[in-house]
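Q: I'd like to ask some things about the structure below.
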Amino acid sequence: MSNQLSDRINSVTPSATLEMAAKARELRASGKDIIGLSLGEPDFNTPDYIKEAAIQAVNDGYNSYTPVDGYAELKQAIITKFKRDNDLVYEPSQIVVSTGAKQALYNIAQVCLNKGDEVILPCPYWVSYSDIVKLADGIPVEVSSSIENDFKMTPQQLEDAITPRTKMLWYSSPCNPSGSIYSKAELRALADVLQKHPQIIVVSDEIYEHINYGVTAHASMAEFNDMYDRTVTVNGVAKAFAMTGWRIGYIGAPSYIARACNKLQGQVTSGANCIAQRAVITALIESPDRVQYMVDEFKERRKLILELLNNIDGFKCNEPEGAFYVFPDISAFFGKTLNGTKINNASDFAMYILESANVATVTGDAFGNGNSIRISYAASEKEIREAVSRIKAVV
């Protein structure tokens, strides 16, 4: 009965990461030993000091509706975090707390885009960007990159992609799925192009900010005085604090955009979970050094998985500088037949790996790059070794 549904929902592609995770669960339930390297979810527990803050909130009687844009104390903690970590100064009226960074991104698209507005997406991009733009009647404009330039968009590519209908630029740094980080100089070069096009709003997705391996320092587009009033900085606690299920994201934005997001959210979800918000106050006001142990562990796993993957003929990897993914180019397998299965593209390869090696990854097609697959190393050393061993055996 899909003809009874809206054209809007019929045009949406299911999230490839969630779809692959569901497929892996289905196979696992049927008795197969599936190693899941598809989801962007830390395999650590939420730190005890954050859990204790949540327990305290329960005991203190926090159980009522929250302000649509977040508790005042949480907004102040976010303001403190932005100043401490990013040298960004925001007022409470510029902060909106949402049910995860994904809702924050959806809000931004809905309040900023009109039908036919174009949004530049440097590829690879996070899997949901394109469909979030489409749901707001916008047009995603993909700008290709490759492993040779570390999956980064150049200023000339940005200039070439801009048209009179360009309304926004969305990017993540550190990038999901490539792990690449735009340096401050690289962002400045992009900002110089954007100065010629004052109608363009930038969405800087910094959810992986603290998962940085020390090669390139984190930088925010809003740090530049001439970009501050045109940039929405999106962040959250899911990745660095191992709080994916707590569902808290937030933005620092020009006041008019923040007010619009608050207005929209008031008609959709209203305020985010009360207990989670109280816990996040503690997460943000404490030093990021308290979660450095997770970053250190991810760095060791990155070293391990790169060593293992680079020993497989046909895999070509860059060295991610942040996040917890590798995004190997596997196009060398295209056109080949592996154990009776013809590999035409990255989706074929990811499905072959799932069915033949019992390892769940995600096709690069979902991220706007059809030559790669995304592999999460948010898994134990044992799982990583076994997964890569299985992959090597079937290719």
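The values are calculated or read from the model by the stated rules, or taken from the named source; none is laboratory data. Note that this is a predicted model, so its numbers are computed, not measured. Note: ideal-geometry Cβ built from the backbone for every residue, glycine included; neighbour counts use all protein chains shown. Quick note on the areas: whole protein, heavy atoms, side chains included, nothing else; ligands and nucleic acids left out. Shrake-Rupley method; radii C 1.70, N 1.55, O 1.52, S 1.80 Å.
Q: Roughly how many Å² is the accessible area per residue of the range 73-149, as a whole number, for a 1.4 Å probe? Could the numbers behind the result be given before it?
A: Details: 2710 Å² over 77 residues.
Per-residue accessible area for the range 73-149 comes out at 35 Å².
Q: I would also like to ask the following. What's the percent breakdown of Cα-Cα distances in the range 134-246 across 5 Å bins, shortest bin first?
A: 2, 11, 20, 24, 20, 14, 6, 2, 0
Q: Let me ask you something else. Give me a comma-separated list of calculated 3J(HN,Hα) values for the range 13-28, in order, Karplus coefficients 6.51, -1.76, 1.60 applied at θ = phi - 60°, integers in Hz, x for any Gly or Pro.
A: Taking θ as phi minus 60°, the curve returns 8, x, 4, 5, 5, 5, 5, 5, 5, 5, 4, 5, 4, 4, 5, 5 Hz for the range 13-28.
Q: Next question. If you stretched the chain out fully between Lys303 and Lys392, how much longer would it get, using 0.36 nm times the residue separation minus the C-alpha to C-alpha distance? Provide the component values of the computation, followed by the final result.
A: Details: separation 89, 0.36 × 89 = 32.04 nm, distance 1.75 nm.
Residue separation times 0.36 nm, minus the Cα-Cα distance, leaves 30.3 nm.
Q: Consider the candidate values (1) 32, 26, 21; (2) 53, 22, 17; (3) 32, 28, 17; state which one is semi-axes √(5λ) of the Cα gyration tensor in Å computed from the structure displayed.
A: (1)
Q: With a 10 Å cut-off between alpha carbons and a GNM built on the chain, which of Thr233, Thr269, Thr244 moves the most?
A: Highest fluctuation of the listed residues: Thr269.
Q: If you don't mind, there's one more thing I want to ask. Taking the Cβ-Cβ separation of Arg8 and Thr80 as r and a Förster radius of 56 Å, what is the calculated FRET efficiency to the nearest 0.05?
A: Details: r = 39 Å, r/R0 = 0.70.
With a Förster radius of 56 Å, E is 0.90.
Q: Can you give the alpha-carbon Rg of the range 248-382 over 2.2 N^0.38 Å, where N counts its residues?
A: Details: Rg = 20.4 Å, N = 135, 2.2 N^0.38 = 14.2 Å.
So the range 248-382 has a normalised radius of gyration of 1.44.
Q: Now, a different point. Considering amide H positions built from the backbone, and no H for Pro or chain starts, which residues 5 or more places from Val141, or on another chain, come under 5 Å of its amide H?
A: The list, which skips near neighbours in sequence, is Val119, Ile120, Leu121.
Q: Rounded to a whole number, what % of the accessible area of the chain do carbon and sulfur atoms account for, probe 1.4 Å? Could the numbers behind the result be given before it?
A: On the way: 7900 of 16430 Å².
Of all accessible area on the chain, carbon and sulfur atoms account for 48 percent.
Q: Skipping prolines and chain starts, which residues have an amide H placed within reach, meaning under 5 Å, of the one on Lys316, given they are 5 or more residues away or on another chain?
A: For Lys316, the qualifying residues are Asp329.
Q: Determine the distance separating the Cα centre of the range 200-224 from the Cα centre of the range 1-70; give it in Å without decimals.
A: Centre-to-centre (Cα) distance: 24 Å.
Q: Mind grabbing the accessible area of Glu91 for me, 1.4 Å probe, Å², rounded to tens?
A: For Glu91, solvent-accessible area is about 100 Å².
Q: Would you calculate, for the chain, the mean residue ellipticity at 222 nm contributed by helices, counting each DSSP H stretch of 4 or more residues as -39,500 (n - 2.57) and dividing by all residues, to the nearest 500?
A: Details: 13 runs with 149 residues, N = 395.
Roughly -11500 deg cm²/dmol at 222 nm, from the helical runs in the chain.
Q: While we're here: What is the local net charge at Leu88, summed over the other residues whose Cβ is closer than 10 Å to its Cβ (Lys, Arg +1; Asp, Glu -1)? Before the final figure, lay out the partial values.
A: Details: positive: Lys81, Lys83, Arg84; negative: Asp85, Asp87, Glu223.
Result for the neighbourhood of Leu88: 0.
Q: Can you tell me, using C-alpha contacts under 8 Å and at least 6 residues apart, the relative contact order of the range 146-288 as a whole percent? Don't jump to the answer; show the numbers that get you there.
A: Numbers: 176 pairs, mean separation 25.9, N = 143.
Computed over the range 146-288, the figure is 18 percent.
Q: In a shell of Cβ-Cβ distance under 12 Å around Leu27, excluding Leu27 itself, what net charge do Lys and Arg (+1) and Asp and Glu (-1) give?
A: Values: positive: Lys23, Arg25, Arg28, Lys32; negative: Glu26, Asp33, Glu355.
Overall, the nearby charge balance is +1.
Q: Leu113 accessible area, nearest 10 Å², 1.4 Å probe?
A: Counting only protein heavy atoms, the figure is 10 Å².
Q: Once the other residues with Cβ under 13 Å from the Cβ of Val143 are scored (Lys, Arg +1; Asp, Glu -1), what is the net sum? Please list the in-between numbers first.
A: Values: positive: Lys152; negative: Glu118, Glu142, Glu159, Asp160.
Net local charge, Val143 excluded: -3.
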